[in-house]
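Encoded as structure tokens, the structure appears first; notes follow it.
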Amino acid sequence: QKEVEQDPGPLSVPEGAIVSLNCTYSNSAFQYFMWYRQYSRKGPELLMYTYSSGNKEDGRFTAQVDKSSKYISLFIRDSQPSDSATYLCALGSYQKVTFGTGTKLQVIP
Amino acid sequence: DTAVSQTPKYLVTQMGNDKSIKCEQNLGHDTMYWYKQDSKKFLKIMFSYNNKELIINETVPNRFSPKSPDKAHLNLHINSLELGDSAVYFCASSQARQGGSPLHFGNGTRLTVT
């Protein structure tokens, strides 16, 4: 079983839709929870960062962490074509960060 | 002003050759990394250096050798290139060595081995 599981998609939604991206994990040592966005031919960029269970909101983005279920989510409200990218969850333990395989999202105008 | 820059952007070479990728960061970070991203977008850590000291060395063939001349630079040398080495290699940096410190990535070096 992989340490971090993420549905690779692709996920295609109409502009304005609410998008839900999810990851599950198996290692209780993970303490830090991040989402990165990667545009085509670019490096990943940090989108959201949290270390506690619950919700964290930043503009149209909400990160949700449920440590008891080992489940994290990223919600995107009012999705825009510019949100079309690959979204990678990333979980950090003391020593290192482990990435999910990424979900490719396409927002259709 | 690019925070993490790596060169070259593209590298096409034949099996058996030796090649190097260079990385520089101007963020003042202490920790630098090399990640490999395969065709399925899976991003896997290869090496991590903290202030020129190797702190993470994942299960990587010893044909791959990182070198950190100072804390702002981390290079990757690859000997005897194989077809399976084709991937995108990302350099990254972070302020601290802990897994909770956000990573800043370069834009990658796309290596193709023919």
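Which of the residues belonging to region A:99-109 are within 8 Å of chain B (Cβ to nearest Cβ) and either under 11 Å from A:V4 (Cα atoms) or more than 13 Å from the chain's Cα centre (by Cα) (or both)?
A:F99, A:T101, A:G102
Taking the condition crowded, with 17+ Cβ neighbours inside 10 Å, among the small types (G, A, S) and touching a residue at least 12 places away in the same chain (Cβ under 8 Å), does B:S48 pass?
yes
Residue-by-condition table, conditions (1) on the phi > 0 side of the Ramachandran plot; (2) of a type outside the set (A, V, I, L, M, F, W, C):
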{"site": "B:E24", "(1), (2)": "no, yes"}
{"site": "B:G28", "(1), (2)": "yes, yes"}
{"site": "B:T31", "(1), (2)": "no, yes"}
{"site": "B:H73", "(1), (2)": "no, yes"}
{"site": "B:C91", "(1), (2)": "no, no"}
{"site": "B:G108", "(1), (2)": "yes, yes"}
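Conditions (1) over 30 Å from B:G100 (Cβ atoms); (2) at pLDDT below 95; (3) touching a Pro at 6+ places or on another chain (Cβ under 9 Å); (4) hydrophobic (A, V, I, L, M, F, W, C), marked per residue:
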site: B:T2; (1), (2), (3), (4): no, yes, no, no
site: B:Q6; (1), (2), (3), (4): no, no, no, no
site: B:Y10; (1), (2), (3), (4): yes, no, no, no
site: B:N17; (1), (2), (3), (4): yes, no, no, no
site: B:S20; (1), (2), (3), (4): yes, no, no, no
site: B:E24; (1), (2), (3), (4): no, no, no, no
site: B:H29; (1), (2), (3), (4): no, yes, no, no
site: B:K40; (1), (2), (3), (4): no, yes, yes, no
site: B:K44; (1), (2), (3), (4): no, yes, no, no
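Select, from B:L54, B:L103, B:L83, B:L43, the only residue that is among the aliphatic types (A, V, I, L, M), surrounded by fewer than 19 Cβ atoms within 10 Å (Cβ to Cβ) and within 14 Å of chain A (Cβ to nearest Cβ).
Of B:L54, B:L103, B:L83, B:L43, the one residue that is among the aliphatic types (A, V, I, L, M), surrounded by fewer than 19 Cβ atoms within 10 Å (Cβ to Cβ) and within 14 Å of chain A (Cβ to nearest Cβ) is B:L54.
Spot the failing condition for B:T114; the list is (1) surrounded by 13 or more Cβ atoms within 10 Å (Cβ to Cβ); (2) of a type outside the set (D, E); (3) modelled with pLDDT of 95 or more, and only one is missed.
For B:T114, the failing item is (1).
Using the structure shown, decide if B:D38 is over 21 Å from A:F30 (Cβ atoms), within 11 Å of chain A (Cβ to nearest Cβ) and either over 10 Å from the mean Cα position of the chain (by Cα) or among the hydroxyl-bearing types (S, T, Y) (or both).
yes
Mind checking which strands (runs of 3 or more DSSP E) fall wholly inside chain B and carry at least 3 residues that are within 27 Å of A:P10 (Cβ to Cβ)?
Per the criteria, B:31-37, B:43-50, B:87-94, B:109-113.
All but one of (1) away from every other protein chain (no Cβ under 14 Å); (2) acidic (D, E); (3) within 12 Å of the chain's Cα centre (by Cα) hold for A:E15; which doesn't?
Going through the list (1) away from every other protein chain (no Cβ under 14 Å); (2) acidic (D, E); (3) within 12 Å of the chain's Cα centre (by Cα), A:E15 breaks only (3).
Within region B:56-85, take every residue that is in contact with an Asp or Glu (Cβ under 9 Å, 6 or more places away or on another chain) and small (G, A, S) and give me the one that is modelled with the highest pLDDT.
Looking at the filtered set, the residue picked out is B:S80.
Residues are listed down the side, and each one gets a yes or a no for (1) touching a residue at least 24 places away in the same chain (Cβ under 8 Å); (2) at the interface with chain B (Cβ under 9 Å from one of its Cβ atoms); (3) not charged (D, E, K, R):
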site: A:N22; (1), (2), (3): yes, no, yes
site: A:F30; (1), (2), (3): yes, yes, yes
site: A:R37; (1), (2), (3): yes, no, no
site: A:L91; (1), (2), (3): yes, yes, yes
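The values are calculated or read from the model by the stated rules, or taken from the named source; none is laboratory data. All values derive from a computational prediction rather than experimental measurement. Every residue, glycine as well, gets a Cβ built from its backbone with ideal geometry; the counts of neighbours run over all protein chains shown.
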